[in-house]
Amino acid sequence: MYQDAVKQGGIAVVTGAAGGVGKAAALRYLRTGLGVALIDLPGEALDATEAEFLEIAGSSATVMALPTDVSDLNAVMTSADRVFDAGEVAVLMNNAGIGIPTGSWEKSDNWRKLMDVNLFGVMNGIHAFMPRMIEANRPAVVVNTGSKQGITTPPGNPAYNVSKAAVKVMTEMLAHDLREADAPISAHLFVPGFTYTGMIQRFIPEKPDAAWTSDEAVDYFLERMSAGDFYILCPDNDVSTERDLKRVEWAVGDILENRPALSRWHPDFADAFSEHEVSG
């Protein structure tokens with residue numbers, strides 16, 4: 001579907017487009033000949049990204065920066081109106097996300113901030129854009145950025161895990177509903193591995209050897225989306241695809257075998273998990 005969407009032209013809408021994988025993806029879309037709508041919070045980063053993209057595109061493609069808080073449905077709807085005034089949407093990439101600390105019974109304000117952006121920001125993008133994309137009846141793709149923390153749910157930041165687990169389910173439901181509606185639109189769940197983005201850079205000043213760059217993650221994502229994959233789990237320089245699948249398999253096994261919750265991090269199961277992870 002992605003190749004058909006690109007062939008027909010139009011605009012790629014990317015949230016969280018002022019940096020990281022959002023910016024890298026938007027640049028790839030621009031270089032395929034699509035226009036781009038760059039959605040992010042107002043500020044220097046968005047302004048600089050718009051200027052950079054305008055210099056690359058010249059007069060050959062639409063480049064529009066739309067300062068928007070994705071947690072505000074009315075603001076997202078207003079930005080959607082501006083995009084549709086400029087043309088048809090070929091790609092909707094709900095990518096904006098934040099990472100702030102939370103605990104299971106602590107930091108309730110941070111819980112709400114995380115959910116407002118990471119979950120409801122995606123929902124707002126779907127609600128603002130999808131009805132008119134379906135009505136257009138043209139090839140298109142919608143991409144939601146998830147996280148492995150929403151699949152294997154490691155301890156450490158429960159609100160982030162919950163938000164990304166919800167994005168996974170939301171995207172699965174969207175893919176099903178689009179299929180049932182016979183819409184020429186495919187949905188994809190983009191799950192980066194350890195990727196060195198601005199969010200990570202705040203905590204780790206230099207890129208670790210284990211991390212991929214945003215460009216590497218986006219290159220892998222576009223390759224797998226072009227092949228029609230729905231679940232796109234990116235490896236990195238430390239975790240291979242095979243190891244990822246072993247970890248997902250173990251997480252599902254907690255239910256199938258009725259092990260303790262998050263048994264991968266339970267001392268009684270440490271040896272069993274280690275053997276599972278390296279097994280053939």
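Descriptive notes on the structure:
- Among the candidates Thr62, Thr78, residue that is farther than 29 Å from Asn161 by Cβ and out of contact with any helix residue (DSSP H, G or I) (no Cβ under 7 Å at 6 or more places or on another chain): Thr78
- When residues of segment 168-184 are limited to those that are part of a helix (DSSP H, G or I) and among the acidic types (Asp, Glu), the one nearest to the chain's Cα centre (by Cα): Glu172
- Count of residues meeting criterion [over 30 Å from Ala136 (Cβ atoms) and within 18 Å of the chain's Cα centre (by Cα)] in segment 82-114: 5
- The single residue among Leu222, Leu262 that is under 14 Å from Ile151 (Cβ atoms), surrounded by 12 or more Cβ atoms within 10 Å (Cβ to Cβ) and not small (Gly, Ala, Ser) turns out to be Leu262.
- Taken over segment 188-212, the criterion of being hydrophobic (A, V, I, L, M, F, W, C) and either under 15 Å from the mean Cα position of the chain (by Cα) or surrounded by fewer than 17 Cβ atoms within 10 Å (Cβ to Cβ) (or both) is satisfied by Leu189, Phe190, Val191, Phe194, Met199, Ile200, Phe203, Ile204, Ala210.
- Of all the listed residues (Asn137, Asn118, Asn124), the sole one being in the same structural domain as Asp177 (by TED's automatic domain parsing), on the phi > 0 side of the Ramachandran plot and not hydrophobic (A, V, I, L, M, F, W, C) is Asn137.
- Any hit, segment 136-146, residues being within 24 Å of Tyr231 (Cα to Cα), in contact (Cβ under 8 Å) with a residue 40 or more places away in the chain and in a helix (DSSP H, G or I): no
- Among residues of segment 229-259, those that are surrounded by 13 or more Cβ atoms within 10 Å (Cβ to Cβ), β-branched (Val, Ile, Thr) and assigned to a helix (DSSP H, G or I), counted: 1
- When segment 134-159 is filtered for residues that are over 14 Å from Val191 (Cβ atoms) and of a type in the set (A, V, I, L, M, F, W, C), the ones remaining, listed by number, are Ile134, Ala136, Ala140, Val141, Val142, Ala159.
- The listed residue being closer than 23 Å to Thr195 by Cα, touching a residue at least 40 places away in the same chain (Cβ under 8 Å) and not basic (Lys, Arg), out of Ala5, Ala25, Ala18: Ala25
- Cross-chain or 6+ apart pairs with Cβ under 9 Å, segment 174-187 first and surrounded by 13 or more Cβ atoms within 10 Å (Cβ to Cβ), then at pLDDT below 95 and assigned to a helix (DSSP H, G or I): Pro184/Asp4; Pro184/Ala5; Ile185/Ala5; Ser186/Tyr2; Ser186/Ala5
The values are calculated or read from the model by the stated rules, or taken from the named source; none is laboratory data. This structure is a prediction, so every number in the text was calculated from the model and none was measured. Please note: Cβ atoms are built from the backbone with ideal geometry, for glycine as well, and neighbour counts cover all protein chains shown.
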